[in-house]
């Protein structure tokens with residue numbers, strides 16, 4: 001249930017509505033716009049409906065949210081879109097964000113070289129995995145806390161905020177010391193314990209769509225984070241598993257405009273993991289930007305041929321600036337511009 005307060009509703013009236021919502025065991029979540037406050041009542045729909053909030057002091061109207069996901073639903077914010085600010089850089093609404101860096105933190109030299117390339121080209125965030133989920137238990141699993149220390153050094157040297165993946169709730173504290181954005185990978189999209197803990201942590205989250213997940217399932221996963229009070233969630237389309245075998249995954253670009261119809265949350269696209277091939281990353285990136293994505297997360301490496309992880313899909317660092325300019329032009333077609341500090 002969505003309770004829309006009148007313009008100019010007093011704090012006392014808002015507090016009274018919250019107390020009535022909580023009196024039936026529901027949770028109240030706020031969305032404050034420039035003029036009005038919206039209160040999302042999350043709980044037993046019948047109990048909330050029986051409160052008779054329509055016509056209560058300060059209440060303009062009450063709207064039932066029919067989707068199983070409530071806080072991520074577009075209804076919850078009406079015509080507003082969530083804009084997330086990360087160290088002065090924005091994503092969502094008219095703001096486009098480029099996130100780039102090596103797939104994994106493999107050495108100080110590679111990470112710092114890539115970080116300077118990302119910064120000099122004008123991208124906003126640096127990505128790099130200290131912990132890596134791998135299909136084979138014998139593949140490189142990441143440097144762990146040593147990788148986090150290198151990411152901290154890269155942030156201090158370049159000023160770029162850090163995006164890095166969290167795989168295990170036991171690593172939450174050391175990751176929080178470094179990460180400006182916590183990435184939850186496709187294989188953890190439905191790790192509900194992890195989603196809940198990240199929601200409580202309050203750090204911005206990049207939530208990747210599972211390999212075989214529907215959009216409804218992705219939004220329900222986001223709900224686990226949002227219900228803990230963390231409103232800064234970005235959804236990421238990274239390719240889904242289909243019958244096609246000519247490429248690694250099928251990048252579901254139709255998900256971008258459809259998600260824009262269903263949710264107010266920013267939508268990011270990961271062309272690197274979908275393609276698995278460097279030559280496909282540029283066309284997929286241009287298409288993602290043109291179709292209305294709020295951001296792109298892409299892999300770059302100074303020497304992809306020597307990369308420990310996912311070298312064949314990494315863009316060459318020396319061509320990244322040109323890549324970004326072309327993507328920026330495609331984003332402009334969709335009415336977006338690259339966020340600047």
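Coordinate-derived values only; no laboratory data. Because the structure is predicted, anything quoted here is derived from the model rather than measured. Glycine gets a Cβ as well: all are built from the backbone with ideal geometry, and neighbour counts include every protein chain shown.
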Relative contact order (%) - the chain, alpha-carbon pairs under 8 angstrom, separation at least six: 17
Anisotropy class of the range 239-341 from Cα gyration tensor, a/c 1.5 cut: oblate
Cα axis of helix 11-22 to longest principal axis of the chain: angle in degrees, 0 to 90, nearest 10? 80
What full-extension length gain, to one decimal in nm, is calculated for residue 107 and residue 19 as 0.36 nm per residue of separation minus the Cα-Cα distance? 26.4 nm
Rounding to the nearest 10 and keeping the result within 0 to 90°, find how far the Cα-based axis of helix 320-333 lies from the longest principal axis of the chain. 30
How do the peptides 331-339, 48-56 rank, highest first, by the average count of neighbouring beta carbon atoms within 10 Å per residue? 331-339, 48-56
Here are several values of mean projected area of the Cα convex hull in nm²: [x] 19.0; [y] 27.9; [z] 17.3. Which one was derived from the coordinates shown? [z]
Can you give me the relative contact order of the range 103-247 as a percent, contacts being Cα pairs under 8 Å and 6 or more apart? 17
Mind pulling the angle between the C-alpha long axis of helix 215-226 and the longest principal axis of the chain? Nearest 10 degrees, somewhere in 0 to 90. 70
Hey, fewest Cβ within 10 Å first, where do 262, 160 land in order? 262, 160
Quick check: the distance between the Cα centres of the range 1-55 and the range 197-273, to the nearest angstrom? 28
Note the full-extension length gain between residue 50 and residue 153 as 0.36 nm times their separation in residues minus their Cα-Cα distance, in nm to one decimal. 31.6 nm
For 211, 126, order by how many other beta-carbon atoms lie within 10 Å, fewest first: 211, 126
On a full-extension model of 0.36 nm per residue, what is the gain between residue 246 and residue 171, subtracting their alpha-carbon distance, rounded to one decimal in nm? 23.4 nm
With -39,500 (n - 2.57) per DSSP H segment of 4 or more residues and division by the full residue count of the chain, the 222 nm estimate, nearest 500 deg cm²/dmol, is -10000 deg cm²/dmol
